[in-house]
Amino acid sequence: GLESPWRNGPDLPFHLFNAPLVAVAGTGRYLFIIAGQNDANVPQQTVYRSEIDAQGAPSGWSAVTTFPDIVTSHAATAFGGRIYVLGGLSDARSQTTPRVWSVAVDTGGHLGIWQREPDFPFGVSGVRGTVALTASGRLYAAGGYDDRTGQRKADVWSTKPSSTGFLE
């Protein structure tokens, strides 16, 4: 059989799921996990950071800040030294949200103050399970599920951040 190229890094402080993992280009050394759910299906607000070691593996996880929203099943991506968090399930009522947040990341892996961005274009109902990435100077988001309408989404959206990193 094939030998696996995957290496096991340090575990998170507790079981966590429905939380995106983001690497921030420009810092080159940090991974972030934002919010998510614990084993009791309780949405979390903690943001964890890990420094990537010389061999390319995470070196351990520590809580670095609180995300300003209670959210799970959300998407996240990074662009231009900022992390962007889109949609998800908000609070214990499990309602989808259209909210978008961003935060600057400095070269030492420290996060600035979370900023509310213009809402995701799905309107008041929002979406969960969306995937997000950056390419060619743009942020892209695709798919997801709207709990309010019971619809799966096939939409693909994109936006270009301004020179300051904020969405316009």
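Throughout, read-outs are computed from the coordinates displayed, never taken from laboratory work. The structure displayed is predicted, hence computed values, not measured ones. Cβ placement follows ideal geometry from the backbone for every residue including glycine, while neighbour counts extend to all protein chains displayed.
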Worksheet item: Separation between the VAL64 and ALA23 pseudo-spin-labels, each 7 Å from Cα along Cα→Cβ, expressed in nm?
Response: 1.5 nm
Fill in: Net charge over other residues, Cβ less than 12 angstrom from the Cβ of GLY112 (K, R count +1; D, E count -1)
0
Practice prompt. Rank VAL103, ALA142, ASN41 by how far each Cα sits towards the positive end of the charge dipole of the chain (+1 on Lys, Arg Cβ; -1 on Asp, Glu Cβ) and give me just the farthest.
Written response: ALA142
Worksheet entry | GNM top mover of ILE33, ILE113, ILE83 - the chain, alpha-carbon springs below 10 Å | ILE113
Response to the item:
Largest fluctuation, PHE67, PHE14, PHE120 only, Gaussian network model of the chain with Cα springs under 10 angstrom, belongs to PHE14
Worksheet, complete the sentence: Rg from C-alpha atoms of the stretch 13-168, normalised by the globular rule of thumb 2.2 N^0.38 Å, equals 1.00
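Multiply the residue gap between SER158 and ALA57 by 0.36 nm, knock off their C-alpha separation, and tell me the result in nm, one decimal place.
Difference between extended and current length: 33.3 nm.
Charges only on Cβ, +1 for Lys and Arg, -1 for Asp and Glu: so what's the dipole of the stretch 1-88 about the Cα centre, in debye to the nearest 20? Each step should come with its number before you reach the end.
Values: 4 positive and 6 negative charges, 49 e Å.
Once rounded to the nearest 20, the dipole reads 240 debye.
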Practice prompt. Mind telling me which of ASP39, ASP69, ASP147 comes out most flexible in a GNM of the chain, alpha-carbon contacts under 10 Å?
Written response: ASP39
Worksheet item: Hey, what did the stretch 1-90 get for relative contact order, percent, Cα under 8 Å, at least 6 apart?
Response: 28 percent
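For the chain, give the magnitude of the charge dipole about the Cα centre (Cβ charges: +1 Lys/Arg, -1 Asp/Glu; no others), in debye to the nearest 20.
Working: 13 positive and 14 negative charges, 62 e Å.
The calculated dipole for the chain is roughly 300 debye.
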Worksheet entry | Under the Karplus curve 6.51 cos²θ - 1.76 cosθ + 1.60, θ = phi - 60°, whole-Hz ³J(HN,Hα) for the stretch 48-62, x wherever Gly or Pro sits | 9, 10, 9, 8, 7, 7, 4, 8, x, 9, x, 9, x, 10, 9
Discussion item. Around THR134, under 14 Å between beta carbons, what's the net of Lys plus Arg minus Asp minus Glu among the other residues?
Written reply: +3
Worksheet entry | Relative contact order (percent, whole number), the chain, Cα cutoff 8 Å, 6+ residue spacing | 16 percent
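Multiply the residue gap between SER4 and GLN115 by 0.36 nm, knock off their C-alpha separation, and tell me the result in nm, one decimal place. Don't skip to the answer; put the middle values down first.
On the way: separation 111, 0.36 × 111 = 39.96 nm, distance 3.99 nm.
Extra length available between SER4 and GLN115 comes to 36.0 nm.
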Worksheet item: Dipole of the stretch 47-139, Cα-centred, from +1 at each Lys and Arg C-beta and -1 at each Asp and Glu C-beta, to the nearest 20 debye?
Response: 240 debye
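Tell me the net charge near TRP101. Cut-off is 14 Å between Cβ atoms, TRP101 excluded, with +1 for each Lys or Arg and -1 for each Asp or Glu. List each step's numbers first, then the result.
Values: positive: ARG82, ARG99, ARG116; negative: ASP69, GLU117, ASP119.
Residues close to TRP101 contribute a combined charge of 0.
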